[in-house]
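Take a look at the structure set out below.
The values are calculated or read from the model by the stated rules, or taken from the named source; none is laboratory data. Not measured: the values here are computed from a predicted model. Cβ placement follows ideal geometry from the backbone for every residue including glycine, while neighbour counts extend to all protein chains displayed. SASA here: full protein model, heavy atoms, side chains in, ligands and nucleic acids out. Shrake-Rupley method; radii C 1.70, N 1.55, O 1.52, S 1.80 Å.
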Amino acid sequence: MNWSFQTDRPIYLQLKEQITLLIISGQYPAGSRLPPVRDMAADAAVNPNTLQKALQELEREGLVYAQRTSGRFVTEDEKMIEQAKNQLAAEQIDRFIEKMAGIGFTVEETLALISKRVKE
Amino acid sequence: MAILDCSGLTKTFGPKRALSNVSLSIDKGRIVGLLGPNGSGKSTFLKLCNKLLTPSAGTLLINGEAPGIKSKSLVSYLPEHNYLADWMRVCDIISFFRDFYEDFDASKATEMLVSLKIGERERLKTLSKGTKEKVQLILVMARQAQLYLLDEPIGGVDPAARSYILNTIIKNYNPEAAVIISTHLISDIEPILDDVIFLKDGEVVLKSSVDEIRGENGVSVDALFREVFKC
């Protein structure tokens, strides 16, 4: 996994987003066990406390859950993962539409451009 | 619980105040960056923690006691200078450290030497400056200390070794131990830090967590440093 962090936002938020992406994309499948905090932190080259904070946030949202002795797991609730997926898609689309508006395209024009581009 | 506690800590050299009224508390389990421009008092602070200097005023406690023989068994210190005897071989120094520190893990040191491709039979005088620095850092990190004080640990080594060293600090993470790192290479160490302390002319001008700085200012610690210490 290639972790990368931007300089303008808290690292734990970026970790949270990237772990969410790993779950949505199935690299951490539903119900599977997450690697130990220390290993994940070493892999991402971040402070273990920061990673812990990201995981606690995901726990609060329900995407992962902790089991007292055996570590953290991805939720078994596929619906919830689907929801997270849709939400992420919506965010990406909003961002894209905003950027296209910045260039000077309306939503309709953008849609037309997309279907034209896909056909090419 | 705080592993290091100081209040009103001051060190003067004649008319010069190297450290002025510093009050800090460092909790166990934290990795802290001690940041400041040249001559801001970073090394002076770390030397005071190791009793290489004595305070002109104020108090400094490590695990509840003044720096001394007892604190030295808890503190693993990487000084700014290389103090290892040039004629020794790497393996000699390893056994030296094993004899000297009860908490020294020789197998851990050997493992790191192998990863960084440093031969145990090499004599220190035949090693490059950067490699000597790596050896010294390996010795410091191979201890199971409660407080690591690292004075510019990555300044003299190449970027690949830098990543390895930072990774070693992460893997070595122990909720019962704290790490204080002084450095100028902020962007390199920023992701592994919990908190940062900015020193300016011997005074603490900022103490905050990395994510607080990023959340409140919308900039990295590195960018904030450039702003605060703009020349």
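For the stretch A:1-38, the set of residues classified as surrounded by 22 or more Cβ atoms within 10 Å (Cβ to Cβ) and aliphatic (A, V, I, L, M) consists of A:I11, A:L15, A:I19, A:I23, listed by residue number.
Quick one: is B:R162 modelled with pLDDT of 95 or more and surrounded by fewer than 19 Cβ atoms within 10 Å (Cβ to Cβ)?
Details: modelled with pLDDT of 95 or more: no; surrounded by fewer than 19 Cβ atoms within 10 Å (Cβ to Cβ): yes.
Taking the combined requirement at face value, the residue does not satisfy it.
Looking at A:T7, is it within 9 Å of another protein chain (Cβ to nearest Cβ) and of a type in the set (V, I, T)? So A:T7 fits the description; yes.
Determine which member of the set A:A41, A:A45 is small (G, A, S), open to solvent by 30 Å² or more (accessible area, probe 1.4 Å) and within 14 Å of chain B (Cβ to nearest Cβ). Steps first, please.
On the way: A:A41 fails: open to solvent by 30 Å² or more (accessible area, probe 1.4 Å).
Result: A:A45 is the single residue among A:A41, A:A45 that is small (G, A, S), open to solvent by 30 Å² or more (accessible area, probe 1.4 Å) and within 14 Å of chain B (Cβ to nearest Cβ).
Just to check your reading of the model, which residue among B:S128, B:S115 is open to solvent by 30 Å² or more (accessible area, probe 1.4 Å) and within 14 Å of chain A (Cβ to nearest Cβ)? B:S115 is the lone residue from the list that is open to solvent by 30 Å² or more (accessible area, probe 1.4 Å) and within 14 Å of chain A (Cβ to nearest Cβ).
With under 30 Å from B:T10 (Cβ atoms), within 9 Å of chain A (Cβ to nearest Cβ), in contact (Cβ under 8 Å) with a residue 12 or more places away in the chain and over 12 Å from the mean Cα position of the chain (by Cα) as the only criterion, which of B:D201, B:D195, B:D222 stands out? Quick ask: steps written out before the conclusion?
On the way: B:D201 fails: within 9 Å of chain A (Cβ to nearest Cβ); B:D195 fails: within 9 Å of chain A (Cβ to nearest Cβ).
One residue alone meets the criteria, B:D222.
Tell me, yes or no, whether the stretch B:56-63 has at least one residue that is touching a helix residue (DSSP H, G or I) at 6+ places or on another chain (Cβ under 8 Å), in a strand (DSSP E or B) and more than 30 Å from A:A45 (Cβ to Cβ). Before you say what the answer is, go through the steps one by one.
Quick first cut of the stretch B:56-63, residues touching a helix residue (DSSP H, G or I) at 6+ places or on another chain (Cβ under 8 Å) only: B:60, B:62-63.
In the following step, the residues that additionally are in a strand (DSSP E or B) were identified as B:60, B:62.
Applying the additional criterion that residues be more than 30 Å from A:A45 (Cβ to Cβ) yields B:60.
Scanning the stretch B:56-63, I find at least one residue that is touching a helix residue (DSSP H, G or I) at 6+ places or on another chain (Cβ under 8 Å), in a strand (DSSP E or B) and more than 30 Å from A:A45 (Cβ to Cβ), so the answer is yes.
Within the span defined as the stretch B:71-89, one or more residues are open to solvent by 70 Å² or more (accessible area, probe 1.4 Å), of a type outside the set (D, E), in a helix (DSSP H, G or I) and farther than 24 Å from B:V210 by Cα. The set of residues in the stretch B:1-48 being buried (at least 22 other Cβ atoms within 10 Å of the Cβ) and in a loop (DSSP other than H, G, I, E, B) consists of B:G36, B:S40, B:G41.
Here's the yes/no breakdown for (1) under 16 Å from B:P175 (Cβ atoms); (2) part of a loop (DSSP other than H, G, I, E, B); (3) among the hydrophobic types (A, V, I, L, M, F, W, C):
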residue	(1), (2), (3)
A:M1	no, yes, yes
A:S4	no, yes, no
A:R9	no, yes, no
A:L15	no, no, yes
A:L21	no, no, yes
A:A42	yes, no, yes
A:L58	no, no, yes
A:Y65	no, no, no
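Taken over the stretch A:87-104, the criterion of being under 24 Å from A:K53 (Cα atoms) and open to solvent by 70 Å² or more (accessible area, probe 1.4 Å) is satisfied by A:Q87, A:E91. Tell me which residues, restricted to the stretch A:51-74, are polar (S, T, N, Q) and either at pLDDT 95 or above or out of contact with any Phe, Trp or Tyr (no Cβ under 8 Å at 6 or more places or on another chain) (or both). Across the stretch A:51-74, the qualifying residues are A:Q52, A:Q56, A:T69, A:S70. Here B:I213, B:I181 are screened, and the one residue that is within 25 Å of B:K129 (Cα to Cα) and either facing chain A (nearest Cβ under 10 Å) or surrounded by 20 or more Cβ atoms within 10 Å (Cβ to Cβ) (or both) is B:I181.
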